[in-house]
Amino acid sequence: MRKPKKAPAGAFSPESLMMSYGYKPELSEGALKCPIFQTSTFVFRNAREGKAFFELAYGLRERGPSEALGLIYSRLNNPDLEILEERLKLWDGAQACAVFESGMAAISTALLEMLKPGDVLLYSEPLYGGTDYFFRHVLSRFGITAVGFPAGKGIAAAEAAIASPDLKERVAMIYVETPANPTNALVDIQACARLAKRLSNGRRVYVAIDNTFLGPLWQHPLKHGADLVIYSATKFIGGHSDVIAGACLGGEDVIRRVRTLRTFLGTMTGPWTGWLLMRSLETLKLRMTCQMKNARYVADYLKGHPKVERVYYLGHLKPGTPDYAIYRKQCSAAGSVVSFDVRGGETAAFRFLDRLELIKLAVSLGGTESLAEHPATMTHADVARAEQLRMGISDKMVRLSIGVENPQDLIADLRQALR
């Protein structure tokens, strides 16, 4: 494949490059937008080229200084995937990126590559329910021990969770979802990176961050010492509730390994999904900025409502608290996910949810429309009741994902539902 020249990434801001970076119209009949390369296989110009492409694909020889992996088969590579991965790298300042057919595909592929039987996975709680299930019920089948620590309690809580020498010497990865789902509790990424170095003892302990809640705009974990940043690209990156996808970014050495396992597990995304994500990247900053501003209006309204017991929102953190210091250090905005406790428990929470009109009762987040859900009985239903309470997830909690609607309309809907 003839590789198009890329504009230097440092010359323009990511939002400016989302329309053109990595794509050259003259290689696609002058099409302004990258076409959908809906094909399973690619034709080689000659047998020697086919041989060279496979040598690189299977690591049979080192890549030449100006040589690129040619197009072979869409399970290995596809123009839509390659261009998408190039553009996603710009937001996080990553060396490499791999895209997947879902966020769970990104998580499972990355962790199965980086962990082995006997390893310990140290992770923050609470997590997205699917991730929590994978850690506790699937990785255990491969002889991997998952040990949780509470988000929002500082790095000392993580160290206490692995105080046993048997656990401590086997930690191979620290996995963090920050802000936590659904409590918005924060974990210090730099502190996790320092802990990983202390635990290394001659081997590499990886730090992986699920950055879905703040997306590629409001937090950049790689700049704070993380080795991997993972997204459910279904959320803000896709942003229209019409595509399922995932992404994993990091250093070239790490992502090369993840990509290799992706090839053999077949967890890569398809060209149609890749094209949809490229479409969405063009408006990512516009959408996320609008959602972030709307969330501030909503959170402020809820904070003063007599039927709301507590609001979990990063923009309400108070100076002098540990979470506020972390927020100021590693986040550039509060995002658009707001959780709150309704006075009256599950019964009152359900009555509220059933009366919403503009805001839709559905799981997921990061879409253009506002959504509401009940974590204890929906996204985190698999977590035992005692564990939910320990993590701060009660039957009175509601999670909102704020969209791009008029904020006064959102507040009016909340007002009538709470009434």
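Every read-out reported here was derived from the displayed coordinates using simple, explicitly stated rules and does not represent laboratory data. This one's a predicted model, so the numbers in the text were calculated from it and none came from an experiment. So basically every Cβ, Gly included, is an ideal-geometry build from the backbone, and we count neighbours across all protein chains shown.
Per residue of the chain, what 222 nm ellipticity follows from adding -39500 (n - 2.57) for every DSSP H run with n ≥ 4, rounded to the nearest 500? Write out the running numbers ahead of the final one.
Working: 16 runs with 157 residues, N = 419.
Result for the chain, helices only: -11000 deg cm²/dmol.
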In the range 186-237, trypsin sites (Lys or Arg not before Pro) in a DSSP loop with at most 10 other beta-carbon atoms within 10 Å: R203
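Which chymotrypsin sites (Phe, Trp or Tyr not before Pro) from the range 139-223 combine a DSSP loop assignment with at most 14 other Cβ atoms within 10 Å?
Details: sites: F142, Y175, Y206, F213, W218; in loops: F213.
Here no chymotrypsin sites (Phe, Trp or Tyr not before Pro) fit, given the DSSP loop and packing criteria.
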Total lysine pairs under 18 Å (Cα atoms) in the range 267-369, excluding pairs fewer than 8 apart on one chain: 4
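Does the range 182-275 classify as rounded, prolate or oblate by the C-alpha gyration tensor (a ≥ b ≥ c root eigenvalues; a/c under 1.5 gives rounded; else a/b over b/c gives prolate, otherwise oblate)? Write out the running numbers ahead of the final one.
Numbers: a/c = 2.80, a/b = 1.33, b/c = 2.10.
Oblate, because a/c is 1.5 or more while a/b does not exceed b/c.
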The range 198-276 and the range 112-160: distance between their alpha carbon centers, rounded to Å: 17 Å
Computed magnitude of the charge dipole of the range 284-418 (debye, nearest 20; Cβ of K, R +1, Cβ of D, E -1): 500 debye
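In debye to the nearest 20, how big a dipole does the range 181-270 give about its Cα centre with +1 on each Lys and Arg Cβ and -1 on each Asp and Glu Cβ?
On the way: 11 positive and 6 negative charges, 85 e Å.
Taking the Cα centre of the range 181-270 as origin, the dipole is about 400 debye.
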Cα gyration tensor, the range 53-146 - rounded (a/c under 1.5), prolate or oblate: prolate
Positive-end extreme of charge dipole, the chain - chosen from A196, L217, L88 (charges on Cβ): A196
Three-way shape call for the range 79-281 based on the alpha-carbon gyration tensor, with the a/c threshold at 1.5: prolate
Separation between Cα centres of the range 364-385 and the range 38-110, rounded to whole Å: 34 Å
Selection from C290, G392, G250, by position along the positive dipole direction of the chain (Cβ): G250
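Beyond 29 Å between alpha-carbons counts as too far, so tell me which of K153/K235; K89/K168; K235/K396 fall in that bin.
Details: K153/K235 27 Å; K89/K168 33 Å; K235/K396 25 Å.
As for pairs spanning more than 29 Å Cα to Cα, those are K89/K168.
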Within a Gaussian network of the chain (alpha carbon springs, distance under 10 Å), most fluctuating of R390, R399, R63: R63
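Which value, in debye to the nearest 20, describes the size of the charge dipole of the chain about its Cα centre when Lys and Arg Cβ atoms bear +1, Asp and Glu Cβ atoms bear -1, and nothing else is charged?
Details: 52 positive and 43 negative charges, 137 e Å.
For the chain, the charge dipole is close to 660 debye.
Just to confirm a number: summing +1 for Lys and Arg and -1 for Asp and Glu over residues other than R262 whose beta-carbon lies under 12 angstrom from that of R262, what do you get? Intermediate values should be presented prior to the final figure.
Working: positive: R75, R256, R257, R259; negative: E85, E101, E113.
Value of the local net charge: +1.
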